[in-house]
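**Student:** Take a look at this one; I'll ask things after.
Read-outs: derived from the displayed coordinates by stated rules, not from any lab. Quick caveat: nothing in here was measured; it's all calculated off a predicted structure. For neighbour counting, all protein chains shown are included, and Cβ atoms are generated from backbone atoms with ideal geometry for every residue, glycine included.
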Amino acid sequence: MNVPVFVVVGHVNRGKSSIVSTLAADDSVRIDPMPGTTRRCREYPLVVSGETLYVLVDTPGFERPRQMLAWLRSHETTTAKRRGVVEAFVAEHRGQKTFREECSLLEPILRGGAILYVVDGSQPPSAKEEAEMEILRWTNQSRIALINPIGQSDYTQQWRPLLNQYFNLVRTFDAQGAGFSDRLRLLRGLREMSEANHEAIDRAIEVLDADRAARLEDAAGAIAEMIVAMLLLVKQKRLAVDADIEPYKMPLAKRYYDRLRSEEAEGRRRIQNIFGHPHLSVTQERLRGVDEDLFNIERWNHLGVTKRQLITAGAATGAAAGGALDVAVGGSSFLAGLLVGSAAGGILSWVAANKLPKVKVKGIPLGGNLLQIGPMSNPGYPWVVLDRSLLFLELVTSRAHACREKVELADAPAGEKAAEGRVAHLPVADRKKINEAFSVLQHQPKTAAVDRATIGLADALSVLLHDRYA
Ligand SMILES: Nc1nc2c(ncn2[C@@H]2O[C@H](COP(=O)(O)OP(=O)(O)OP(=O)(O)O)[C@@H](O)[C@H]2O)c(=O)[nH]1
Ligand SMILES: [Mg+2]
């Protein structure tokens, strides 16, 4: 099977390299606001599990399309021989400075690459671009036009009829906003455009789908392992019987909460690597630490719920007190599920559930004291971590490789509408399975039960991620 080659061409600074970066899932492609960034052709293969699915060729932009077209016209004999004239042009000007960019971008096309012509939908068509399109038509290669909206203005309506005259297919494709499904949709379009590539593109779509599913499964495993490590974490310090305990408490608590944060950071690095975004820079408000209110909802709105809802949920659980676990977990608010495992329903249980671990002191039988903090007893904590993980994963999985800006996963500032949480919208059955695993991990932290709960959690997350993001 031939590997399809797509040559990305267009005017300077129209987002050609951005499209290459997104379609090849490669953030090493140079993208820059300065025109003329790409000086020579470069191939970017998309390789999945050792198999090259297709190759993108990044090219410099046209520099002198009108002069080139004038040359072509002055050498034209018959319409059928137009491609030969383009070949003659490249043969004559290769290595010369004047038409360096034109020769460079036409060579991979004349070798058989399909054309992806990129225009900026936020700028009106120009005479130069009409000349470019005419040149591309002369090559007689299969070709598709991509309208990439760079700025705010929208000239799509002017572009479409014009592009339709020159290209087999016209699509809008936002190089920086395109997610996985947009990439697949474009691939299907490319399949229609070029019969020679049907089989290879079908194969590429199949491999990409399977690869996506495998990555989501890996991510589910990474999130499960991270949450388990956080829930089971314990920090201890042994002190001689006459040692003053107080100066050791805060440093131990700090080590504990720092470690929780670094577990989360490590989990995120794993997710970034799984989805091929190692350089993505995301900031988010840090997880709460000792003596901080985990659910200070005025600031901590990632769960997408208000304090009023929390209290109502607590009261609802109180009303159902004595009822089965299912009643609480199956309730319309996930927070009912949050409260499962705490002593009683009602506001009091909610307040009790609010507490984060503090350092406790135990006597050691042979003398001395043991300071200990952890494991994480707060039933809401794993939900908070899961919610943050889902938001993070969503960001990473939907990120186009052309988008290099830093992102902030911000909490809603006080008084503003709550940022949408994710766990609040999970199907009840999923929430229940996850809750069961959390509950085992927090109440029966014995090896066999932990192993089973970790697997159960990874499985539940895997189904959930597949349903939402595959
Ligand atoms: N907002 C937005 N900006 C974009 C998009 N695509 C490209 N850009 C920006 O446009 C500028 C040029 O993008 P490149 O991908 O380098 O364009 P190019 O056509 O390869 O440019 P040359 O190599 O110089 O011809 C960069 O600053 C990009 O960040 C897009 O879809 N949305
Ligand atoms: Mg470029």
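**Student:** Convert each backbone phi in region 93-109 into a coupling constant with the Karplus relation 6.51 cos²θ - 1.76 cosθ + 1.60 (shift: θ = phi - 60°), then list the ³J(HN,Hα) values in order as whole Hz, x for Gly and Pro.
**Tutor:** Result, ordered by residue: 9, 4, x, 8, 6, 4, 10, 4, 5, 4, 4, 4, 7, 7, 4, x, 6 Hz.
**Student:** Skipping prolines and chain starts, which residues have an amide H placed within reach, meaning under 5 Å, of the one on Val3, given they are 5 or more residues away or on another chain?
**Tutor:** none
**Student:** To make sure I understand, if each residue's beta carbon is the centre and we count other beta carbons within 10 Å, what order do Ile373, Ile223, Ile205 fall in, fewest to most?
**Tutor:** Ranking Ile373, Ile223, Ile205 by Cβ neighbours within 10 Å, fewest first, gives Ile205, Ile373, Ile223.
**Student:** If you don't mind, another one. Any chance you could get the radius of gyration and Dmax over the Cα atoms of region 41-91, in Å?
**Tutor:** 16.5, 49
**Student:** While we're looking at this one, here's another question. Between Rg and the Kirkwood Rh of region 5-193, both from Cα atoms, what is the Rg to Rh ratio?
**Tutor:** 0.95
**Student:** Let me ask something else about it. What Rg and what Dmax come out for region 65-111 when only alpha-carbon atoms are used, in angstroms?
**Tutor:** Every Cα atom of region 65-111 included, Rg and Dmax give 10.2, 29 Å.
**Student:** Please rank Asp154, Asp27, fewest neighbouring Cβ atoms within 10 Å first, as an exposure proxy.
**Tutor:** Asp154, Asp27
**Student:** Ok, one more. Per residue of region 224-236, what does 6.51 cos²θ - 1.76 cosθ + 1.60 with θ = phi - 60° give for ³J(HN,Hα)? Whole Hz please, x for Gly and Pro, Karplus curve as stated.
**Tutor:** 4, 4, 5, 5, 4, 4, 5, 5, 8, 4, 9, 10, 10
**Student:** Can you tell me which lysines have their Cα less than 26 Å from the Cα of Lys128? Leave out same-chain residues fewer than eight positions away.
**Tutor:** Partners found: Lys16, Lys81, Lys97.
**Student:** Lysines near Lys433 by alpha-carbon distance under 21 Å, same-chain residues fewer than 8 away left out - which ones?
**Tutor:** The qualifying lysines are Lys446.
**Student:** Next question, about the same structure. Roughly how many debye, to the nearest 20, is the charge dipole of region 96-211 about its Cα centre, given +1 on each Lys and Arg Cβ, -1 on each Asp and Glu Cβ, and no other charges?
**Tutor:** I would put it at about 180 debye.
**Student:** For Lys235, Lys16, what ranking results if the residue with the fewest other Cβ atoms within 10 Å of its Cβ goes first?
**Tutor:** Arranged by neighbour count, lowest to highest, Lys235, Lys16 become Lys235, Lys16.
**Student:** OK, next. Does region 168-256 come out rounded, prolate or oblate, given a ≥ b ≥ c as the square roots of the eigenvalues of its C-alpha gyration tensor, rounded meaning a/c under 1.5 and, failing that, prolate meaning a/b above b/c?
**Tutor:** prolate
**Student:** Percent of Cα-Cα pairs more than 11 Å apart in region 139-178, please.
**Tutor:** Of the Cα pairs, 66 percent sit more than 11 Å apart.
**Student:** Rounded to whole Hz and in sequence order, give me ³J(HN,Hα) for region 77-92 from the Karplus expression 6.51 cos²θ - 1.76 cosθ + 1.60, θ = phi - 60°, writing x for Gly and Pro.
**Tutor:** The phi angles translate into 10, 10, 4, 4, 9, 4, 4, x, 5, 5, 4, 5, 4, 5, 4, 6 Hz.
**Student:** Mind checking which aspartates and glutamates have their Cα closer than 15 Å to the Cα of Lys362? Skip sequence neighbours fewer than 8 apart in that chain.
**Tutor:** Cross-link targets: Asp242, Asp244, Glu246.
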